[in-house]
Amino acid sequence: MFLYTCLAFTSVSVLCLGVLLLSIFLNGTKHLFDFQITVLPHSANLVDSRLDTAKRQVKLSFVEERARTVGIETDRDLTGASVAALGADLLLRFADGSEERIATAERLVRSELDIEARRVRLTYSVPREETVGLPGNDPLEGATLKETPAGRVVLTYPDGKEQVVASRESAAGRVTMLGDPSLGSVGEFIGGSPSVDPQKAGFESPLVGTIWLLCVCAIAAVPIGIGTAVFLEEFKPTNRGLIVLHRVVATNIRNLAGVPSVVYGLIGLTVFARMFGLLGTPLDYQSFEEYKLSDGTRVVGITTDIQSDVYTLEGPFIGESRLERTAYEEIARFPDSDEVIEVTGTVEFTDDYEFRFATEQIGSFTLSPFDILSGEMIEEEPFAPRPFQATFRLEGQARYVVETVRNGRVFVPREMIRDAEQDIDKVRIRNHIFELKDGRRVVGKIPQLSDGTITVRKDLRSEPVTFSVDDIAERPNGKLAYSTKNMITILDEDHPLHIRLPMGASVLAGGLTLMLVILPVVIIASQEALRAVPDTLRQGALALGASKWQMVRTMTLPSAIPGILTGCILAMSRAIGEAAPILIIGGVTFVTFTPDNLMSGFAAMPLQIYDWLRQPDMEFQQVAASGIIVLMTVLLAFNAVAIIIRQKLQKPLN
Amino acid sequence: MPNQPSAVETDYRETRPVSAGEHKQPQKQSESAPEAKNSSLASVARMAFSGRVEAKPSATALSVRDFSSWYGSFQALHNIDLEVPHNRVTALIGPSGCGKSTFLRWVNRMNDLIPGARCAGDMSLLGADLMSRDIDAVDLRRRVGMVFQKPNPFPKSIYDNIAFGPRLHYKLSKAETDDLVESSLRAAALWDEVKDRLKQSALGLSGGQQQRLCIARAIALSPDVLLMDEPCSALDPKATIRIEDLIVELRKNFTILIVTHNMQQAARVSDQTAFFYEGKLIEFDDTINIFTNPKSTQTEDYVTGRFG
Ligand SMILES: Nc1ncnc2c1ncn2[C@@H]1O[C@H](COP(=O)(O)OP(=O)(O)O)[C@@H](O)[C@H]1O
Ligand SMILES: [Mg+2]
């Protein structure tokens, strides 16, 4: 009896699962594999068929007869009564000529009055529309639709291929496969960008986003989880108070496994994305570009102009600018803005990697390679004095940049930037700090520069402070006393492990939040696996003089690894499907980018699937089903990797 | 021969190193034995004893003075005084729960791992105070090997089982490890049986082989003392005999403390026997005396099987 009950329950659940998977598969195949298993519409009452090449579908219009019965509500005698249509109304006409409205006459095909039963049976014609999507990407221009005498609607492609899109074969229609299965479209789907057109919707960014999330999550959760489990199981305290603490911790980890993931989403948002607001919100930071130049200097500003030979940066970054006024002190005469001074003399490239110019016209001066924009002048090796000829003016060939100090503009020669991708990074600045000659310290955001004055506001409500560039104190090294308070950053943006604090809506914050979700599961599974290792093994190792840690490393952990990994697999399966915490952290949908470092924004598969399911266009349901197929495939792949690792670690003897 | 030697005894005697000069006549002793009931056991003890009497009295390996031990508030050992001689087999006997294992676990400080276990008194191994704070329990356990009641081979290859201990403590080359594995397995009389399958799992060995593997594993570290807590209680008689042979063989190089519930075994393998009862050491003497001429009636009752 018990056996049969179990069998019944098992088969019911297997059946449900099977139906679910089958329906997902049938729905999802259209986008994934370019074919669709479908029930073709019954073509008996077809009145019109149209081909929509843009949407790749055939629209079929049908007229069906549908009967309905209307009861007659009056108690009057019906002998000699009849039914007649007048305009839009259907009237019951009594023998004495009086009339009563009983229904609408629109689309009415016929009516039968049943006096005995006191009712009228009405038959209406009802229009019905159906669309049949056409999978695949065979060109449709020039395709024709034709109805065969046998009652089939046949689509003939330009290349002569035929496809039945509606059929009269049976009242229930006909199950058929539309399109040719092909793997090519799988690549198109998983490599494609999002689109409002369900035909073109791709899954790349959520797929890659989820893989990033899972990697972050696994890298964080597995060591922490196993470490915690080892600590709880193998290093049990002997001290009384600690025993109580140990028990409280162990019990609560069990409780945490049951906490809904939305809650973890909130924890992740506060702890990782916002960091309790201690470092401000990401909105408190203004974004600037930092140029790392080939001579080792760094310049910060906002790029306002990019020419083939020069980048222009603007900003209040006087102190950061590597131009020092002292370099020009020997210059006897500065050119006016429109003046061009022709100079001749000698130039040498010194061992300090500076150019020393000696001119007859304006005296001698020193420029570092950075100051000089003329390509021929920049040489890598020092050279002895050699004659030169140049024109000096504000803009142009041999431009030099006295102006920088005045209004915070820096010209960076193209040659100084080795790689525009690598050498230009974003910096996020929260506050600019100026120390003035009168001892004041001005801290604020969004400095504005105009004609040698700087205006700084702490925030929008406070009074702006204005001072002149010349008021800024000078440091002993000759630089202006200007500094910034930047966002805490680890490695630069080109590095995949780039980290900023607070983390904001980043892959790292998302992955760590998922880590919180699965950590209890990982810990509990690892604890169980460790507990299953017989104590005699531990004693054996200890009796041979192993320290506790050696015992764990050489005996307990290797024996428990299969169980631990099984737990990790289950946990990762949970993480891959979580949408709620990702939504709270700020996962996005409809993006075309994939993460390139830990701080990138991200899309995730469950979120994208959820988003597709909300779309009004019914065809997105099928796209969502395709997404689910990809999701499950990735899940299986992850599990396969874990199983392979498990087999490897088990190191079977013989 | 008044007492027909059993198959076991015959087997045993054949492997026994006999030093003819010191040989007493077992038959005569047996005839004059007072306890008829215990005569078989006594003769075993005498026979075993006669086989390996040595001229010099042995130096003390483990010296225990006024030693007590508690689990929480429960006192498991009461004021034990014991001198375990060097390179001898000392048997600990007594009914279950009398504190034999507790005593053994103090010798290699495995009790440190039990919450609430504490002790008082002195215990010194070759002059070193075992209970002092300066003793590193991990280092001590390298010098004091232990074999457990149930064979507990690691789920690794036979080779790795033996090499486990040495690898923890020394940096050994492949050749050195090979040599060590071979000599340990030979010393444990297991080499011939396993030499062709060193890389196979130790879990595939029979129970007796597993226990000998555990002994080999312990002696691979050349410990000063070998503790055995009922090493044969989970084994069949044949495997038991092989272990007993091995113990007698190992006696040449190791000081052995063995807990056993098998009086025959105590009689066969040990030189000295300590009888514990309810946490107290009742009697400690040469094995032959314990089995032929016990001073305490409790001892006599126990070894003759009247209780326990
Ligand atoms: N870990 C322990 N915690 C508390 N009491 C113990 C523990 N181990 C043994 N005991 C108690 O100490 C006494 C001696 O035990 P044990 O040394 O194992 O005896 P034996 O090995 O002689 O059978 C027993 O009464 C037992 O209940
Ligand atoms: Mg015991």
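The values are calculated or read from the model by the stated rules, or taken from the named source; none is laboratory data. Just so you know, these numbers come straight off a predicted model, no measurement behind them. With ideal geometry, Cβ positions are generated from the backbone for all residues, glycine too; neighbour counts draw on all protein chains shown. Areas reflect the complete protein model, heavy atoms only, side chains present, ligands, DNA and RNA absent. Shrake-Rupley method; radii C 1.70, N 1.55, O 1.52, S 1.80 Å.
Observations
- Selected residue (criterion: farthest from the other protein chains (Cβ to nearest Cβ)) from residues of segment B:109-137 that are in a helix (DSSP H, G or I) and open to solvent by 40 Å² or more (accessible area, probe 1.4 Å): B:Asp112
- Listing of helices (runs of 4 or more DSSP H) fully contained in segment A:517-590 that carry 1 or more residues being within 14 Å of another protein chain (Cβ to nearest Cβ), touching a residue at least 40 places away in the same chain (Cβ under 8 Å) and out of contact with any Asp or Glu (no Cβ under 9 Å at 6 or more places or on another chain): A:557-577
- Residues that are within 11 Å of chain A (Cβ to nearest Cβ) and either of a type in the set (Asp, Glu) or not in a loop (DSSP other than H, G, I, E, B) (or both), drawn from segment B:166-198: B:Pro166, B:Arg167, B:Leu168, B:His169
- Residue selected from segment A:85-113 under the condition surrounded by 13 or more Cβ atoms within 10 Å (Cβ to Cβ) and polar (S, T, N, Q), by the criterion nearest to A:Arg128 (Cα to Cα): A:Thr104
- Only one of A:Gly192, A:Gly187, A:Gly97 that is among the small types (Gly, Ala, Ser) and touching a Phe, Trp or Tyr at 6+ places or on another chain (Cβ under 8 Å): A:Gly192
- Any hit, segment A:467-490, residues being open to solvent by less than 20 Å² (accessible area, probe 1.4 Å), more than 30 Å from A:Gly265 (Cα to Cα) and of a type in the set (Val, Ile, Thr): yes
- Selection of strands (runs of 3 or more DSSP E) fully inside segment A:1-84 by the criterion of at least 3 residues being in the same structural domain as A:Glu116 (by TED's automatic domain parsing), under 30 Å from A:Arg168 (Cβ atoms) and open to solvent by 80 Å² or more (accessible area, probe 1.4 Å) returns A:57-71.
- Selection within segment B:142-152: residues that are open to solvent by 10 Å² or more (accessible area, probe 1.4 Å) and touching a helix residue (DSSP H, G or I) at 6+ places or on another chain (Cβ under 7 Å). The member of this set that is farthest from ligand 1 (Cβ to nearest atom) is B:Arg142.
- Residue within segment B:75-94 that is within 16 Å of ligand 1 (Cβ to nearest atom), part of a loop (DSSP other than H, G, I, E, B) and within 17 Å of the chain's Cα centre (by Cα) present: yes
- Contacts under 6 angstrom Cβ, first residue in segment A:10-31 being farther than 21 Å from A:Arg56 by Cβ, partner surrounded by 14 or more Cβ atoms within 10 Å (Cβ to Cβ), 6 or more apart: A:Ile24/A:Ala625; A:Ile24/A:Ile628
- Segment A:355-368, subset open to solvent by 20 Å² or more (accessible area, probe 1.4 Å) and not in a strand (DSSP E or B), residue modelled with the highest pLDDT: A:Glu360
- Selection status of A:Tyr157, closer than 25 Å to A:Thr53 by Cβ, at pLDDT 85 or above, surrounded by 14 or more Cβ atoms within 10 Å (Cβ to Cβ) and touching an Asp or Glu at 6+ places or on another chain (Cβ under 9 Å): yes
- Among the residues of segment A:236-254, not one is surrounded by fewer than 12 Cβ atoms within 10 Å (Cβ to Cβ) and in contact (Cβ under 8 Å) with a residue 60 or more places away in the chain.
- Qualifying residue in segment A:617-629 (condition: under 30 Å from A:Ser526 (Cβ atoms), of a type in the set (Phe, Trp, Tyr) and assigned by TED's automatic domain parsing to the domain that holds A:Ser526): no
- Note on segment A:613-630: among residues that are within 17 Å of A:Phe35 (Cβ to Cβ) and among the small types (Gly, Ala, Ser), the one that is surrounded by the fewest Cβ atoms within 10 Å (Cβ to Cβ) is A:Ala625.
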